[in-house]
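Everything on this sheet refers to the single structure shown next.
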Amino acid sequence: MDKVLGIDIGGTSIKVGMFSTEGALEAATKIPTGEITSEAAFTVVTEGLKKLLADNGASADDVVGVGLDVPGPVDDDGKVGMLANIELDPEGLKAALKRAFPRASLAFVNDANAAALGELWQGTAKDANSFVLIAIGTGVGGGVVTGGKIVSGAFGAGGEIGHITVNRDETATCGCGRKGCLEQYASASGIVRVYKQECKNRGQEPVALDGPTDTLSVFNACREGDEAAQAAISCMCEYLGFAMAQISAVMDPQMYLIGGGVGGGFKMYAEELRAAFRRYCLAPSAGTRILPASLGNDAAMYGSAFQAMQG
């Protein structure tokens, strides 16, 4: 009765899935955590995992893999680099998990890469040889798969699609400290920023927005004929299609998957994005499929579990 645990680490809690080795999600839970930097915090995590197992007729001895995704770079050797927005001691947690689950192989993976692996294992890209997942949320992340394997990169920066430079004339600074990154136009925060600027240019008031990442209101405004909202979405498609064409010139994937929160509105902008990609890509890549990701917010759990089994 072998089980695999996929752990999606957030700033205030972790989301855990218990999987069969065939990829069936059998149970899931959330465990409040906060900072995961002390033995007490590690115990909260391991005891929460054991409770999930016990509640579903399994035990620590059944666990053959534990995978964890983190919002930061993880290199090809599984070493975790700089972590943003969470307090985590990766090596301390790894040691605690090894004590709690002695049969298990352990693996860390970048969160966007984990989502890509999830789609490869049980999602839209199942059985695909090469594809790129583009996760559009507060920022823009990416997971690159070729030869059926994730490309993490020598320094863990593989798949940092949000920081492809798409506008050399930009004067505003990206969160990474550079200027003109894709993330400044195609992320949720970027879409809202561009929408507000378009409203200002047109001398109109923006619709009521619930914070700096409220793309739902921008999309709704577009449906109701707001030209500034349409311009912001068109800007996203233009720069995203351009960036995807550059990726295709390097690796020529079979497909692109669009995920993350903004991915939920894929049907609204799918054709415009496909047209932008075809304008910029080399002719042989024009048939590349651009599809929505299918696993939603569970993708990283699936991918973390899958990565653990590779160990």
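Taken residue by residue, the range 203-213 has no member that is of a type in the set (A, V, I, L, M, F, W, C) and open to solvent by less than 30 Å² (accessible area, probe 1.4 Å). Only one residue in I7, I36 is in contact with a Gly (Cβ under 9 Å, 6 or more places away or on another chain), under 19 Å from F306 (Cβ atoms) and surrounded by 12 or more Cβ atoms within 10 Å (Cβ to Cβ), so which one is that? After ruling out the rest, the residue left standing is I7. When L216 is tested against (1) among the aliphatic types (A, V, I, L, M); (2) more than 24 Å from the chain's Cα centre (by Cα); (3) surrounded by fewer than 18 Cβ atoms within 10 Å (Cβ to Cβ); (4) assigned to a helix (DSSP H, G or I), exactly one condition is not met: (2). Residue under question is Y269, and the condition is that it be aromatic (F, W, Y), at negative phi and surrounded by fewer than 19 Cβ atoms within 10 Å (Cβ to Cβ); does it hold? Here the answer is no, as Y269 does not meet what is asked. Take the residues of the range 123-143 that are open to solvent by 20 Å² or more (accessible area, probe 1.4 Å) and β-branched (V, I, T): which is farthest from D210 (Cα to Cα)? Filtering first and then ranking leaves T124.
For the range 70-107, the set of residues classified as open to solvent by 90 Å² or more (accessible area, probe 1.4 Å), at pLDDT below 95 and in a helix (DSSP H, G or I) consists of E91 only.
F131 fulfils the conditions (1) of a type in the set (A, V, I, L, M, F, W, C); (2) touching a strand residue (DSSP E or B) at 6+ places or on another chain (Cβ under 7 Å); (3) at pLDDT below 95; (4) closer than 30 Å to Y239 by Cα except for a single criterion, (3). Scanning the range 172-212 for residues that are within 16 Å of C235 (Cα to Cα) and of a type in the set (S, T, N, Q) yields Q184, S187, S189, Q197, N201. Once the range 219-250 is narrowed to residues that are free of Cβ contacts under 8 Å to residues at least 12 places away in the same chain and part of a helix (DSSP H, G or I), the residue that is most open to solvent (accessible area, probe 1.4 Å) is V250. Only one entry of G287, G263, G259, G296 meets the criterion of being without any contact (Cβ under 8 Å) to a residue 40 or more places away in the chain and open to solvent by less than 60 Å² (accessible area, probe 1.4 Å), and that entry is G296.
Filtered by the rule that a residue be exposed (fewer than 13 other Cβ atoms within 10 Å of the Cβ) and not hydrophobic (A, V, I, L, M, F, W, C), the range 39-50 gives E39, T43, E47.
Among the residues of the range 11-33, the ones that are under 20 Å from N56 (Cβ atoms), β-branched (V, I, T) and surrounded by fewer than 19 Cβ atoms within 10 Å (Cβ to Cβ) come to 3 in all. For the range 30-58, the set of residues classified as outside any loop (DSSP other than H, G, I, E, B), acidic (D, E) and over 22 Å from K3 (Cβ atoms) consists of E39 only.
Applying a threshold of 9 Å to beta carbon distances and a minimum spacing of six or more residues, or different chains, the list of pairs starting in the range 157-185 at a residue that is within 16 Å of G241 (Cα to Cα) and ending at one that is part of a helix (DSSP H, G or I) and of a type in the set (K, R) reads Q184/R193; Y185/R193.
Of the residues making up the range 232-258, those that are more than 15 Å from S189 (Cα to Cα) and among the aliphatic types (A, V, I, L, M) are A243, M244, A245, I247, A249, V250, M251, M255, L257, I258.
Between residues in the range 193-212 that are within 25 Å of C181 (Cα to Cα) and residues that are charged (D, E, K, R) and part of a loop (DSSP other than H, G, I, E, B), which pairs lie under 7 Å by C-beta distance while being six or more apart or on different chains? Listed by first residue and then by second, the contacts come to C199/E205. One residue stands out among those in the range 144-177 that are among the acidic types (D, E) and open to solvent by 50 Å² or more (accessible area, probe 1.4 Å): the one that is nearest to A293 (Cα to Cα), which is E160.
The values are calculated or read from the model by the stated rules, or taken from the named source; none is laboratory data. This one's a predicted model, so the numbers in the text were calculated from it and none came from an experiment. Cβ atoms come from the backbone with ideal geometry, glycine included; neighbour counts cover every protein chain shown. Only protein heavy atoms, including side chains, enter the accessible area calculation; ligands, DNA and RNA are left aside. Shrake-Rupley method; radii C 1.70, N 1.55, O 1.52, S 1.80 Å.
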